[in-house]
Amino acid sequence: MREIVVISGKGGTGKTSITAAFAHLASVQGGAMLCDLDVDAPDLHLLLAPDRQEEHAFYSGREARIDPSVCTGCGLCAGLCRFGAVMPGPRAFGIDPLRCEGCGVCERFCPAGAIGFSEKHCGQWYASAMRFGPMVHAQLFPGQENSGRLVALLKKEARERAKALGLTLMLCDGAPGIGCPVISSLSGASLAVVVTEPTPSGRHDLERVVDLCRHFRIPVAVVVNKFDLNPENSEGIEDYCREQGHALAGRLPHDEVVVRAMVQGKCVTELPETPFSKALRGVWEVVAHHARTASRPSPFPNTPNA
Amino acid sequence: MNAGIIAVTSEGPGMESMVDSRFGRAAGFVVVDLATEQTSYVDNGGSQSMAQGAGIQAAENVARAGAGVVLSGFVGPKAFQALSAAGIQVVQNVENMTVGQAVDKYKRGELSTSDAPNAPAGGNKG
Amino acid sequence: MIYAIASGKGGTGKTTVTASLAAVWDGPLTAVDLDVEEPNLHLFLAPEITAEEPAFLEVPVLDAARCILCGECAAFCQYKALSLMGKTLLVFPEMCHGCGGCIALCQEGALSPGGRELGHILEGSAGAARFLMGRLRVGEAMSPPLMRQVKARLRRDAAGDVLIDSPPGVSCPAVNAVMDADVIVLVTEPTPFGLHDFRLAVEAFRPLGKPLGAVINRAGIGDGRVQDFCREAGVPVWAELPFSRAVAEAYSRGEVAARAVPEMRGMFLALMARMRGAAAASNPEEADHA
């Protein structure tokens, strides 16, 4: 099984539009299992209109709750909580669920036994079918911790389903940032496609996310989107990639077709050809090739880790 | 720890099940007593549902099962450290075979133990 | 007054808006980058950094000589930062959330507070404004602890107004960034992705009970459904910033829109006035003192 994970560090670089087009292009080459790992703000479904066939609840971690009828108002928990999650109330104390990290300290030390500590329902996940094949996706409830576990669960479910369907390629719209969710998105990836743009933020975040890939020994292919906004910066990014030994998958022009496709709920490659979609097809060929051939620079057969 | 008891990360409960290449998020462990040829299955579902620390939890499960050797695909640094602390030997890079085949290879001395993890930290998240 | 600039979706122009507001703001101001995973505000405000300090999270340190291997701490820890394996208690500081529970539990005094480096807190000045940012260490998985420390620093010596560049999204870090603000400014764009993520953000932030307004960036691209939604949901639109290639190019050169593109300056001044109006309306007493 080959896994392509599209990431960007910075938001708004076109990651999701590009992933959707990849799904379209892959569908005529044997197909792929699609997975939206941006569980905090998933957008892929807006282009692909998946038909939900399964829906599951997602539980993760625990949360404290004070029973006001038992609470004596001693305030010990408020003093112990490192997260500022215990709020004084008129008669009893209460827990602010947005600040509670589910550590269990308040429950353990409450002399009155007034605090419950139960599993937390954090979101929903779905297995769906859409016009290019199967898709696994989710929605975290607002304000929930994106620990990376929902991402891990989606990847596991997607892998199992892909295997059962005989698919050999998995295509993932990765989580943003460089924290836990993106680390989870990258685990087990054959290739990370990093979508960037020729802006200071784009460059800055590219470097951080590429560092992360190096840390996890995942090969990288870089796509420079909206390159014509600043050709000089684009060249700087490409030079940087060459110096660092990362593959360049290509450059894409700034084109209003991306928004036009989005408004129609379509992939750019489903609309009449534009310079953008033409360049994107080229990018996909490079990405698909690298995904087939790139190998993890890893210390396998029982050699000690560097 | 008993070096005659080995735990193999497994996708299913029997000797004919495929080896699960993941350690922390393995579906379960087939535990084989080499002396008696008896096998048992330890479900690893609890580790799979953890937000973090699946590798450490899985190591605790293996230790509880009394195994002295683990056969798996990829073991991360925290799980490796935990297994080592309990005196459990680790054989890595075991994949694409059944549990039975892995056990036979081990018995024939074709698998050697490792002294370092072969997977990056956080790999269990996937 | 603390104003948090947030967005459901990344890349809508949150940092552009924050940087431009900082550029036109009158009166004492602190500009804060709480997007510690991907801090970008400094790239536009080009602050002079006068202090950079590492930030630490309290994690347990084991004195093995005192440990009696009772396993209570390991059984208690929700994050698997402690594990009793055979005759060894293992500590995994990178898993720790810093709740302090294990240290409080241990009767033998075998665990004491130590530190894990979360990243850095940088302080300085950008023009007349004070500047503050957190930068998460690459490989560090948790951003809320560093954000909490940046906010604590902010409270310690706050003067005048505060503009917070928040992390994108609606999950824990984003809510963490806006929950101590007086006013929330949500930056979106008039596209289906923009609308979808904007709705999630409104749903996430509204229960906080703070005045909340929208800035529609790149107005003119996409469609009019964000405006429709704002009308239906009763979210005031505090600014519509037209799409302009000049702004996009200025951004790509690291320039602040309100400085680089003359007609933008007036738009940001108007936005500032609306934000202040919303703050005053929700908290008349404090506004009198200001």
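The values are calculated or read from the model by the stated rules, or taken from the named source; none is laboratory data. As the structure is a prediction and not an experimental result, all values here were calculated from the model. Positions of Cβ are backbone-derived with ideal geometry, glycine not excepted, and every protein chain shown enters the neighbour counts. Accessible surface areas use protein heavy atoms only, side chains included; no ligands, DNA or RNA. Shrake-Rupley method; radii C 1.70, N 1.55, O 1.52, S 1.80 Å.
Mind grabbing the accessible area of B:Lys107 for me, 1.4 Å probe, Å², rounded to tens?
Surface accessible to solvent at B:Lys107 totals approximately 100 Å².
Give the accessible surface of chain C per residue, rounded to a whole number of Å², with probe radius 1.4 Å and ligands, DNA and RNA excluded. Could the numbers behind the result be given before it?
Working: 10810 Å² over 290 residues.
Value returned for chain C: 37 Å² of accessible area per residue.
What do you get for the angle between helix A:231-244 and the principal long axis of chain A? Use alpha-carbon atoms, 0 to 90 degrees, nearest ten.
Helix A:231-244 sits roughly 80 degrees off the main axis of chain A.
Hey, in the GNM for chain C with a 10 angstrom Cα cutoff, which one of C:Glu263, C:Glu123, C:Glu240 fluctuates hardest?
C:Glu263
Can you tell me which of C:Pro144, C:Pro113, C:Pro207 moves the most in a GNM of chain C? Springs connect C-alpha atoms under 10 Å apart.
Top of the fluctuation ranking is C:Pro207.
Over chain C, what is the relative contact order in whole percent, taking alpha-carbon pairs under 8 Å and six or more residues apart?
Values: 582 pairs, mean separation 77.9, N = 290.
Here the relative contact order equals 27 percent.
Taking every residue in A:251-261, how many Cβ atoms of other protein chains lie within 10 Å of its Cβ, on average? Let's see the in-between values first.
On the way: counts 0, 0, 0, 4, 0, 3, 0, 2, 11, 4, 1.
Per-residue shielding by partner chains comes out at 2.
How much FRET efficiency would the formula 1/(1 + (r/R0)^6) give for C:Leu69 and C:Arg156, where r is the Cβ-Cβ distance and R0 is 41 Å, rounded to 0.05?
Plugging the Cβ-Cβ distance into 1/(1 + (r/R0)^6) gives 0.50.
Using the structure shown, select from A:Lys10/A:Lys156; A:Lys163/B:Lys105; B:Lys78/C:Lys151; C:Lys14/C:Lys210; A:Lys226/A:Lys266; B:Lys105/C:Lys80 the pairs with a Cα to Cα distance greater than 24 angstrom. Before the final figure, lay out each step's value.
Numbers: A:Lys10/A:Lys156 26 Å; A:Lys163/B:Lys105 26 Å; B:Lys78/C:Lys151 32 Å; C:Lys14/C:Lys210 19 Å; A:Lys226/A:Lys266 20 Å; B:Lys105/C:Lys80 33 Å.
Beyond 24 Å: A:Lys10/A:Lys156; A:Lys163/B:Lys105; B:Lys78/C:Lys151; B:Lys105/C:Lys80.
Over region A:60-121, calculate the relative contact order: mean separation of alpha carbon pairs under 8 Å at least 6 apart, over the residue count, as a percent.
On the way: 114 pairs, mean separation 30.6, N = 62.
Once divided by the residue count of region A:60-121, the mean separation gives 49 percent.
If you fit an axis through the alpha-carbon atoms of helix A:15-27 and take the longest principal axis of the Cα set of chain A, what angle between them do you get, 0 to 90°, nearest 10?
Taking Cα atoms only, the helix is inclined about 60 degrees.
Which residues in region A:89-117 have a backbone N closer than 11 Å to a point placed 7 Å from the Cα of C:Asn283 along the Cα-to-Cβ line?
What the label zone holds, given the 11 Å backbone N cut-off, is no residue at all.
Interface size between chain C and chain A, please: total buried accessible area, 1.4 Å probe, rounded to the nearest 100 Å². If you can, show how the numbers build up before the last one.
Working: alone 13770 and 14750 Å², together 23770 Å².
The summed interface area works out to 4800 Å².
Pick out which of C:Glu232, C:Glu117, C:Glu38 has the largest mean-square fluctuation in a Gaussian network model of chain C, springs linking Cα atoms closer than 10 Å.
Result for chain C, Cα springs under 10 Å: C:Glu232 fluctuates most.
Using only the Cα atoms of the protein assembly as shown, build the gyration tensor, take square roots of its eigenvalues as a ≥ b ≥ c, and label the shape rounded, prolate or oblate: rounded if a/c is under 1.5, else prolate if a/b is larger than b/c, else oblate. Kindly include the intermediate steps, with their values, before the conclusion.
Values: a/c = 1.92, a/b = 1.26, b/c = 1.52.
The shape class here is oblate.
Using every alpha carbon pair in chain C, what percent of pairs falls into each 5 Å bin from 0 up to the bin containing the largest distance?
1, 5, 12, 14, 15, 14, 11, 8, 6, 5, 4, 3, 1, 0, 0
Please give the helix C:262-282 orientation as an angle from the longest Cα principal axis of chain C, in degrees from 0 to 90, rounded to the nearest 10.
60
Go through chain C and flag any cysteine with no other cysteine's C-beta closer than 4.7 Å, please.
By the Cβ distance rule, which asks for a partner under 4.7 Å, the isolated cysteines are C:Cys67, C:Cys70, C:Cys77, C:Cys96, C:Cys106, C:Cys172, C:Cys230.
Can you give the mean number of other chain Cβ atoms that lie within 10 Å of the Cβ atoms in peptide C:74-83?
What the average comes to for C:74-83 is 6.
With contacts defined as alpha carbon pairs under 8 Å and 6 or more residues apart, what's the relative contact order of region C:57-117 in percent?
Numbers: 106 pairs, mean separation 30.7, N = 61.
Once normalised by length, the contact order is 50 percent.
Indicate the gyration tensor shape class of region C:57-117 (rounded, prolate or oblate), computed on the Cα atoms with a ≥ b ≥ c the square roots of the eigenvalues: a/c under 1.5 is rounded; otherwise a/b larger than b/c is prolate and the rest oblate. Don't jump to the answer; show the numbers that get you there.
Numbers: a/c = 1.56, a/b = 1.35, b/c = 1.15.
Taking the square roots of the gyration eigenvalues as a ≥ b ≥ c, region C:57-117 is prolate.
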